[in-house]
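For reference, the structure discussed in these notes is given below.
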Amino acid sequence: MQQGKLFVISAPSGAGKTTLVKRVILARPELKFSISYTTRPARPGEQDRIDYFFLDRNEFKQMHDEGAFLEHAEVFGNFYGTGKQQVTTLCAAGNDVLLEIDWQGAQQVMANDPDCTSIFILPPSIEELERRLRGRATDNEEVIRQRLSEAIDDISHWTEFNHVVINAEIEQAETELLRILSGTAVNTQTRLPEVRNRVRQLLSHV
């Protein structure tokens, strides 16, 4: 049986990564989504074992010490990780698997699996990023400011990824993401000037 492909999607907080992933899963139901583990509290509407596996810090540490994570990272004071066994089993069965993780975790996955396809999602502007973060209505002002500050650093890692998708219009971004997953998209390396210019515009408003 042919080994399934591994796709890694990362983005700064508020770029619309989770919304895009949900739309792609609906459009490509055969694509398997790897549910991450986290120590952060569930947000309104999130369900354990559907959105995340919610753990306390001791449970997460035990899994880490047992080598159960393909990747793990600390983000905004909470720990996140991808279960190694889950991904290995799905890929071995011939399934294409999608990971939605931050850039730190993506670096670990890419180092261990150079053949994976990595995708970075950019917001259309810092102003839009802030609007989306505030629209969640789940974070206080201090957390929002921290997320915006971290987003600037996150954006600087776009060059480490195979593909970059600018999420200005959700339908267009979804179409581009689906092309990447089907192997018909143009690699970002062939349009570096365009992407560099967009990143420069993004950071010029900081």
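Scanning the stretch 43-60 for residues that are surrounded by 16 or more Cβ atoms within 10 Å (Cβ to Cβ) and assigned to a helix (DSSP H, G or I) gives a single hit, PHE60. Among residues of the stretch 156-198 being touching a strand residue (DSSP E or B) at 6+ places or on another chain (Cβ under 7 Å) and over 21 Å from ASP113 (Cα atoms), the one that is surrounded by the most Cβ atoms within 10 Å (Cβ to Cβ) is VAL165. For GLU30, state whether it is out of contact with any strand residue (DSSP E or B) (no Cβ under 9 Å at 6 or more places or on another chain), within 18 Å of THR117 (Cα to Cα) and either charged (D, E, K, R) or at pLDDT 95 or above (or both). Considered against the rule, which asks whether it is out of contact with any strand residue (DSSP E or B) (no Cβ under 9 Å at 6 or more places or on another chain), within 18 Å of THR117 (Cα to Cα) and either charged (D, E, K, R) or at pLDDT 95 or above (or both), GLU30 comes out as yes. Taken over the stretch 1-42, the residue count meeting the criterion of being outside any helix (DSSP H, G or I) and either in contact (Cβ under 8 Å) with a residue 24 or more places away in the chain or surrounded by 21 or more Cβ atoms within 10 Å (Cβ to Cβ) (or both) is 28. If you go through the stretch 92-132 and keep only what is under 24 Å from ALA168 (Cβ atoms), surrounded by fewer than 18 Cβ atoms within 10 Å (Cβ to Cβ) and in contact with a Gly (Cβ under 8 Å, 6 or more places away or on another chain), you end up with GLU130, ARG132. Listed by position, the strands (runs of 3 or more DSSP E) contained in the stretch 88-175 that have at least 1 residues being within 15 Å of SER34 (Cβ to Cβ), touching a residue at least 12 places away in the same chain (Cβ under 8 Å) and under 16 Å from the mean Cα position of the chain (by Cα) are 97-100, 117-122. Does PHE76 satisfy being among the aromatic types (Phe, Trp, Tyr), in contact (Cβ under 8 Å) with a residue 24 or more places away in the chain, in contact with a helix residue (DSSP H, G or I) (Cβ under 7 Å, 6 or more places away or on another chain) and surrounded by fewer than 17 Cβ atoms within 10 Å (Cβ to Cβ)? Against the criterion (among the aromatic types (Phe, Trp, Tyr), in contact (Cβ under 8 Å) with a residue 24 or more places away in the chain, in contact with a helix residue (DSSP H, G or I) (Cβ under 7 Å, 6 or more places away or on another chain) and surrounded by fewer than 17 Cβ atoms within 10 Å (Cβ to Cβ)), PHE76 qualifies. Checked against the criteria, ARG179 counts as free of Cβ contacts under 8 Å to residues at least 12 places away in the same chain, among the charged types (D, E, K, R) and not in a loop (DSSP other than H, G, I, E, B). For the stretch 64-73, the condition holds for at least one residue, the condition being that it is under 28 Å from GLU174 (Cβ atoms) and at pLDDT 95 or above. Can you find, within the stretch 64-84, the residue that is nearest to the chain's Cα centre (by Cα) among those that are in a helix (DSSP H, G or I) and within 16 Å of GLY105 (Cα to Cα)? Among those residues, the one meeting the criterion is LYS84.
The values are calculated or read from the model by the stated rules, or taken from the named source; none is laboratory data. Fair warning: this is a prediction, and the values are worked out from it, not measured in the lab. Heads up, the Cβs are rebuilt from the backbone with ideal geometry, glycines too, and the neighbour counts pull from every protein chain shown.
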